[in-house]
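Structure, as structure tokens:
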Amino acid sequence: MPVRKRKLKTVSPKKLLALKPWLDELAGRIEQPGYVEKDPVCFMHAYQDKNDREIAGFLAAIMAWGRRDIVINKVDDLLARMDYQPAAFAGNYSDADTFRLAGFRHRTFTEADIHWLILCLHSVLIRYGSIEGLWQEAYQSAGNTGPDMITAFHNRFFGAQFAGPQRVRKHVSTGEKKSSCKRLWLYLRWCIRKNSVVDTGTMNFITPSQLMIPLDVHVARYARRLGLLERQANDWLAVEELTARLRQLDPADPARYDYALFGVGISEESIPEEYIINSWYT
């Protein structure tokens, strides 16, 4: 039997409360001003204008795939092509501006993909005024922050008349397949959390208490070792399970623990033995 198919144990309520001080301390140590310059969230901090922040952050979040330093270089390249004025560039964008995107590539993103994504951002600004305006309508349509909201955002972002290649849609998560939608939840953490030196709090359509964890393989791995996550697939059900457990520690701001779980990896922090529930899971 493969090692990862063994049944995972979950942390008891008593041990969960005992774990809280360590998670709080680690989250506080990682969520510091120095974190910003090494993370794609830095592009939101580069602007004061709401639309500049939200568009730069959106592009950075959907491109946040792979090493953070490479992502930062690629997003900077893209914003430089916009003269570092993302809202004005998207707001005035037309086919005559495509030459600025020539040769751009990042992972599966091509210059053609970016062209269509910016056309969509152009339409979003015209129809909703801001990306938050689109999120607001998606949330009101879904009535919750589950997969339906993500799907509503996706469908409205591309619009009923989207004429681009279908592959472009893959760059913006949809909740239809019940995936973790990690990059959009990362973006929402950046935009919704208040009183943070990292997250910007530029949006208000939901509260920090409603945020879900941006679940990637690293966060999931450490969550399982700590007994915070029993499900072994990194999907929407895993997001719900982990977020629900973290809400027991901080109902008002469960997403702050993303810093602790992500921080175990980037700080090379060793998990104290007394907190490890599934020692075999690596």
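The values are calculated or read from the model by the stated rules, or taken from the named source; none is laboratory data. Just so it is clear, the model here is predicted, and its values are computed rather than measured. Because the Cβ atoms are built from the backbone with ideal geometry, glycine has one as well, and the counts that use them run over all protein chains shown.
Is there any pair with a first residue in region 66-79 that is in the same structural domain as R105 (by TED's automatic domain parsing) and a second that is β-branched (V, I, T) and buried (at least 16 other Cβ atoms within 10 Å of the Cβ) whose Cβ atoms are under 8 Å apart and which are 6 or more apart or on different chains, and what are they? Within 8 Å, the pairs are L78/I114. With respect to the conditions (1) modelled with pLDDT under 95; (2) closer than 30 Å to L125 by Cα; (3) not hydroxyl-bearing (S, T, Y), N73 lacks only one, and its number is (1). Report whether or not A102 is in contact with a Pro (Cβ under 8 Å, 6 or more places away or on another chain), of a type outside the set (K, R) and surrounded by fewer than 17 Cβ atoms within 10 Å (Cβ to Cβ). Answer is no for this residue. When K9, K38 are checked against the criterion of being surrounded by fewer than 17 Cβ atoms within 10 Å (Cβ to Cβ) and assigned by TED's automatic domain parsing to the domain that holds L228, a single residue qualifies: K9. Report, by residue number, each residue of region 241-282 that is in a loop (DSSP other than H, G, I, E, B) and out of contact with any helix residue (DSSP H, G or I) (no Cβ under 8 Å at 6 or more places or on another chain). Passing the criteria: E268, S270.
Of the residues making up region 105-114, those that are in a helix (DSSP H, G or I) and surrounded by 19 or more Cβ atoms within 10 Å (Cβ to Cβ) are D113, I114. Within region 241-282, restricting attention to residues that are under 15 Å from the mean Cα position of the chain (by Cα) and either at pLDDT below 95 or among the charged types (D, E, K, R) (or both), the residue that is farthest from L188 (Cα to Cα) is F262.
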